[in-house]
Structure formats: structure tokens, C-alpha cells
There are 2 protein chains.
Amino acid sequence: MQNPTISFELYKIFYHAAATLNFSKAAESMHVTQSAVSQAIKSLETQLGIPLFFRQGRSVSLTHEGEILFAHIEKAFHFIRSAEISMQNIKSLDEGTVFIGASDTITRYFLMDAIKAFHLAYPRVKLSINNRPSPRSVEKLKNGELDLAVINLLPDSDYEGLEGVSLTTLEHIFISSSPVSAVPVTLKTLSQHPLVCLERKSTTRRILEQFFATNEVIWEPAFEFGSFDVILEAVKASMGIGFVPRKIAAALIEAGELSEVTIKEPIPSIEIGIMVNKSKPLSLAAKKYLEILKNTGV
Amino acid sequence: MQNPTISFELYKIFYHAAATLNFSKAAESMHVTQSAVSQAIKSLETQLGIPLFFRQGRSVSLTHEGEILFAHIEKAFHFIRSAEISMQNIKSLDEGTVFIGASDTITRYFLMDAIKAFHLAYPRVKLSINNRPSPRSVEKLKNGELDLAVINLLPDSDYEGLEGVSLTTLEHIFISSSPVSAVPVTLKTLSQHPLVCLERKSTTRRILEQFFATNEVIWEPAFEFGSFDVILEAVKASMGIGFVPRKIAAALIEAGELSEVTIKEPIPSIEIGIMVNKSKPLSLAAKKYLEILKNTGV
DNA sequence: TAATGATATAAGTTTATCTAATCGTAAGTC
DNA sequence: GACTTACGATTAGATAAACTTATATCATTA
């Protein structure tokens, strides 16, 4: 006798009936009639083959077996209630997490304002920022680990299953501690100076290599560092000419601590884009973050 | 927006779907079609207003929110499952408790065999024997604390709401350490001897008092004790003539350690009966115990 | 004794759930 | 690359479950 399992809905009704020990009040609290509760309880008792209540006159009480059942169902009920509260909170942005992938650089220079604004607007929603190089973020996006990723859009990459929009253009410049020339110099001229750049696997480095290759200039970096911070310091210390996104050097150039070295050849720029997984529905929180990110004029 | 609450049944379906991450398999395990699961999940997502799964191609996975929901629902599910297992066990007499009320004396001399037999037959079912005087057992029976009570049936008691059957008749006799007379003596004669009897509130004592009163014989006990064991010892020590249920003295009379003192006047006897609460359904275990009790020739 | 407060029951209706059939799509296979 | 398989979505109609209304029943209380 493989029984057609008992509907969980009956347990909900049982919970209310057992908790109040009054079918009419239980019915009221569930917005149904007393008759419905009465029938549901009867059905549960029949299906279990065990009487759960005993009715004496106008009051009902639990049988011993009913109490055993209630002890279990009560716990189950509370877990379901807390599940529903959790879902409520997620909807009202009172809890939840947005999983974001982005490189260190992008996080620091493009996401920070949005992160701050989001936290101000929805202080209970966590932002889990996964700092990985763009290709890793793309992977994680594809297998659903991330809600969204802000990455360097590379023309030859495989973005199947994803979709996104360009957020901004990342312009690169050369910088030095003091002006090199009043007029733009050629790349060839520039390559005579020691160059300070990011380590090999980075996007910025790839841009740089491609730039030299396209213009058929032989070069070699004098220094390689892991972060733009260190590069800026190195350039300030006159160790050489640096290659960084304009945005990163902007403040220091403004302050007169660094100078831009203009180049005759047009420096390639790259797109920064927001990507999401086409088949993964965006949570409300993620949508809100996206909104803020797009509005926080980058 | 006071929402018509979500059917718990949907959570059951969600549990299976999330646990297998395969709607078809989940459907199979619930003996429904894949379509039903698909629709139920969709309905749950709609009602919650939160996507729970993301479908990419032929595989589904949980969204972050889906995982949060699952974490809760999983626990609830297990509690319900254990509730159902408990109910199963109760039905198969693999667990459960029978609550029985009876006086010490009745328990010892009338229930013990049945208790042993029951325990042998259903070793996992507990017997909770509540040893109280009969009137207390009747009270507890009325308010549902007991499944059944074995009590002295007194003609003037209020057994409303209860029902029961007579189990046996409790015959009382007088006993002494050695034969008093070859022929029955009168109650008056007997009252000349020191009498050893049970304490005032007991049923046996009441019977005795009533017996003397009916026959208009003035008397006073020489000794009052709290249990029949002590009375038997006192009589054996020739401290006086005792008044006890025949059943209790039978073995000792048989062994020649005590003698019955026969009386001219007919000694009243009392009925011992099994009572249950009319409106409280008997558990299967209680039914089985009753059965055994009735068959264990008392 | 009548009124009240509670549950049970019967009949009919509504609603929710399920099935069957079909489609769409990604992933394997030859 | 075409074929096949595995899986989920969708639709429409069928079925069963759940609910409501109305009434009966019963014990308590006024």
C-alpha cells in the first residue's frame, strides 16, 4: 500500500486547529469557514488512521497522538514561516545578497560610488564582491555563481549565454613624474624611456602589448607591478613612464604630481561592461544595484 | 494586500524539485507528471514574487533566493517526515504510550499479568500507569489524561461521560493466623477480636465500615495500615483478624499460613471495572491493552 | 427552557491541481 | 551537420480536492 502522500496543506490547517484548540477561531485566522477546518481535520485523521482530537461537547482537545503530531508539525510550521519571512524580506530589500564579480581595479575605480550608494539605500542587503580577473568573472557568471559582473569587454571573448551593456570606456594614458615634451611624441621615442607597467596577465598590460605590436615597436618593461597604486608610486619616484587608465591618474595629474605624456599614435581603449546571465533571473536587489550603477555617472 | 497564504503543498513540491534539481525525477518520486511540478513551481514563484530556479537548457539550478528558501523548507520537510514516521510507528505499535489509571492494589493484583503480556507483545509501547485512588483516576479519565482506568465501581459515583465494563468482582474475607471457629461466627462475635484493616480513605475500609453499619455492630479497628502487605504480616503475627480481598490472601491460605474466618452475614463485594472516556477515541495501543486485559483471566 | 457557542454533516459549487499532448531547446551522437 | 535524446514550458481539458452554504447536533450557560 504505497499511499498517495498527505497534502502538506492539511498540516497547516492542523497546526492552526491544534494551536488554538478551537476550529472556528482557526478557520477565521485562515480566512476560511469552520466547515473547511472540520473537514480538513477529519480528512487528516482518516488518512493517518489516527484520531488527533477528541471532541467533548463544544470543546476539542488533542489526543496523545495528536500532541505527538503537533510537537513535530509545530517545528515544521515555524521553519516554513521563517522561510516566508525571509522571502518577504528579500522582496522588501530588508535582506539578501547581491553577488558581483569585478576586478580589483574596476571595483575600486568604477563600482565604489555605487556600492556606497547601494549600502546607504539598502543597508540590510549584503554585497558580495568577488574580485577576480574578468575571464574568471565571466566563468562564474555563466555557471550562475554571480548575479552580475563588471568586466573588460574583449572582442575575442566568448560571452554566450550572457548579455550586458557597455558601461563606460576605459581610456589609457602614459604618465611621467614631469613633462616629457611639449608636443606629442612617437611611440618609438617613448620606448627609449624605462616603462613601468602592470603584470603580464592583466588587461591593461595586454592593451599595451597590443599597442606596441600594432605599431611594430620593440619594447620591454623596466618594471612590472601587481597594482596601479604601486605603479603610480614608482612613476612619482621617477622610475620611469607608466601606463595606466586615465581615470586612475586623473587626480594626481590634476594636482600636478604627475604629467600625461601625449603620444602621436592613438592609444586603444577598452570597453567596460556590465554582464548578466541571460537565463538567471535577476533578484530585485541585483536590479536595484544595476540601476544605481548605471546612474552613478562613472 | 493580505495575501491568501501559499499552500504548504507547494513547498512539498518545491522540496523535491530543489532536492533533485530535476523536475522530471521529482515528479516521478511524487507520482505525478512533470507538468504538474513545472506548474507548481511556477505558481510558487509567482506567489512569492521571486524566481527560485533558473533554467538553462535542460538543467535547472536554484537561484540564490531559491537556496535560501530551500534551506528553510528542507528543515520543515524533515520535521513533517519525522511526524509521519511517528504516526506510522504508532499505528504499527512500534511506539506510543498507553495511559492507565489504577490504584496500587488493583495494579498489583489485577493488572500485572496483562502488563507483562502487553510488554511482551509490544515492547516499544510504553505503559504509563498512574497509581491513584479510583476517584482520582475517574477525574483524570474525564479530563482526558488517561486512556483507561481500572477502578472500584461504586454505586453512588458520577461516571458521566465515561463508559466501561465490569472486569471482575472483588470478594472480601476475614482472615486470622489460626482457625477461629469450625462454624461461621456472627459479626458481633468477630467484633470482640482486635481488627486489622486498611486506612480510612480506602475502598476496602469503606466496604468494611458499611458492612458493620448495615448490621448495626459497633466496632473499632485495633490497627490501621496503608497496604495489604503490612496487614497480612500483622495477621500472621497474630495481632488480630484482618479484612482483605480474597485474592490477596488466597495464596497464604492455600499454604496454610492463614485461615479464613467465615461469617454468618453475607460480606458485600465490589465490582472492579474498566472505564474509558466516551468522547476520547482509544488509541490502537490502548485497544490492544484492553483486549489483553479482558483476556488475561483475572 | 431557551439561547449560545461550538463542531459535524450534506449537497452543491468553485477552484486548484493534474494529465495528455505538444512544443522548444540544449546537449550528445553518429 | 543532421539526428536523437533529455528535459522543461505551455495549453486545454478533465478530475479531484477544497470550500461554502445551510442545517443538524450537542453541551453549556442564562
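General remarks:
- Residue match in segment A:151-171 (condition: touching a helix residue (DSSP H, G or I) at 6+ places or on another chain (Cβ under 7 Å), open to solvent by 10 Å² or more (accessible area, probe 1.4 Å) and within 14 Å of another protein chain (Cβ to nearest Cβ)): yes
- Residue check: A:Leu10 meets all listed conditions (1) open to solvent by 40 Å² or more (accessible area, probe 1.4 Å); (2) within 11 Å of DNA strand D (Cβ to nearest atom) but one, namely (1).
- Sole residue being touching a residue at least 12 places away in the same chain (Cβ under 8 Å), within 16 Å of DNA strand D (Cβ to nearest atom) and touching a helix residue (DSSP H, G or I) at 6+ places or on another chain (Cβ under 8 Å), chosen from B:Ala18, B:Ala27, B:Ala76: B:Ala18
- Residue in segment B:48-64 that is nearest to DNA strand C (Cβ to nearest atom), counting only those that are open to solvent by 70 Å² or more (accessible area, probe 1.4 Å) and facing chain A (nearest Cβ under 10 Å): B:Gly57
- Single unsatisfied condition, A:Ala102 versus (1) open to solvent by less than 50 Å² (accessible area, probe 1.4 Å); (2) within 11 Å of DNA strand C (Cβ to nearest atom): (2)
- Scanning segment B:247-278 for residues that are of a type outside the set (Ser, Thr, Tyr), more than 30 Å from B:Leu162 (Cα to Cα) and open to solvent by 40 Å² or more (accessible area, probe 1.4 Å) yields B:Ala250, B:Ala251, B:Ile253, B:Glu254, B:Ala255, B:Gly256, B:Glu257, B:Glu260, B:Lys264, B:Glu265, B:Pro266.
- Qualifying residue in segment A:83-95 (condition: more than 10 Å from chain B (Cβ to nearest Cβ), open to solvent by less than 70 Å² (accessible area, probe 1.4 Å), near DNA strand D (Cβ under 10 Å from one of its atoms) and free of Cβ contacts under 8 Å to residues at least 60 places away in the same chain): no
- All of (1) open to solvent by less than 30 Å² (accessible area, probe 1.4 Å); (2) more than 10 Å from chain B (Cβ to nearest Cβ); (3) more than 8 Å from DNA strand C (Cβ to nearest atom) hold for A:Glu28 with one exception: (1).
- Only one of the listed residues (A:Leu120, A:Leu93, A:Leu127) is touching a helix residue (DSSP H, G or I) at 6+ places or on another chain (Cβ under 7 Å) and not in a strand (DSSP E or B). That residue is A:Leu93.
- Among the residues of segment A:189-211, those that are buried (at least 19 other Cβ atoms within 10 Å of the Cβ) and not in a loop (DSSP other than H, G, I, E, B) comprise A:Leu190, A:Leu195, A:Val196, A:Cys197, A:Leu198, A:Thr203, A:Thr204, A:Ile207, A:Leu208, A:Phe211.
The values are calculated or read from the model by the stated rules, or taken from the named source; none is laboratory data. Small disclaimer: the values here were computed from a predicted structure and weren't measured. Neighbour counts are summed over all protein chains in view; Cβ atoms, including those assigned to glycine, are modelled from backbone coordinates with ideal geometry. When the accessible area is computed, the model is the full protein with side chains, heavy atoms only, and any ligands, DNA or RNA have been set aside. Shrake-Rupley method; radii C 1.70, N 1.55, O 1.52, S 1.80 Å.
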